[in-house]
């Protein structure tokens, strides 16, 4: 890995919301921990808009990415026209927000609702998801923005759970500006290994959520981080890596229930973020030197 990967942190690791106070807190903590950028969930009504966010980012000298997860009411993997329209509007709004703040990436659960279905998915719904993504991707590309498709575990989706399924989806989609977003928490649950997931994604890999097996502090769970970073080296991945961890000590009660935070993995956002920055930097530093060929130990 010849270039230094930009390192970022998810805003919800650092603050409860993207209000003026919440954004200022998140950005201050991002700077103090030494990250290069912050990942901002597409703002809800009443949170800071693109112009205000851009001013704060510039003042703090930070870059940003944008993320979202479509809700059941915004499901584009659907034959319900109203739901599909709401989902396309949410994706379009996230892209517009990214353009306003100068971000070049919008990722997350962009292909369907976050949450599994109680019936088997329909082929017609999948086709609609692709049609929407093609339209949004074309608009996003005009602003230099790449879309990411983040697959999640079987309890949060019964559509895309593995890197291989997501590669197949992207091949069928045929949109070059839509690429694979890998979250190590989900990959650790569903792929043969996190390193195998990186190899499967290959050049399609555009963005990484570095998240521990239990979503707590990096290095405190069972995830094979050494193997993961070696796979990044084999595949010469030079894209962003974002630390993502959530705790009831920071996020809202609504998000606590949504994400399933039934225990408190940490209480200090500053400490967990600073430790994560050090953890990621040390693993990247260990990868300096010529990269081996794929398939070699």
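The values are calculated or read from the model by the stated rules, or taken from the named source; none is laboratory data. In this text the structure is predicted, and so the values were computed from the model without any measurement. Ideal geometry is used to build each Cβ from the backbone, glycine not excepted, and the neighbour counts take in all protein chains shown.
Worth pointing out:
- Filter pass, residue 245 being surrounded by 21 or more Cβ atoms within 10 Å (Cβ to Cβ), under 17 Å from the mean Cα position of the chain (by Cα) and assigned to a loop (DSSP other than H, G, I, E, B): yes
- Residue check for residue 110: within 30 Å of residue 214 (Cβ to Cβ) and either touching a strand residue (DSSP E or B) at 6+ places or on another chain (Cβ under 6 Å) or touching a residue at least 24 places away in the same chain (Cβ under 8 Å) (or both): yes
- Test result for residue 128, assigned to a loop (DSSP other than H, G, I, E, B), surrounded by 15 or more Cβ atoms within 10 Å (Cβ to Cβ) and in contact with a helix residue (DSSP H, G or I) (Cβ under 8 Å, 6 or more places away or on another chain): no
- Test: residue 4 is modelled with pLDDT under 95 and touching a helix residue (DSSP H, G or I) at 6+ places or on another chain (Cβ under 8 Å): yes
- The residues listed here are 239, 202; of these, the one that is surrounded by fewer than 20 Cβ atoms within 10 Å (Cβ to Cβ), at pLDDT 95 or above and not in a helix (DSSP H, G or I) is 239.
- Of all residues making up the range 53-62, the number that are in contact with a helix residue (DSSP H, G or I) (Cβ under 7 Å, 6 or more places away or on another chain), surrounded by fewer than 23 Cβ atoms within 10 Å (Cβ to Cβ) and not in a loop (DSSP other than H, G, I, E, B): 4
- Residues being more than 21 Å from the chain's Cα centre (by Cα) and either assigned to a loop (DSSP other than H, G, I, E, B) or exposed (fewer than 15 other Cβ atoms within 10 Å of the Cβ) (or both) - total across the range 29-52: 4
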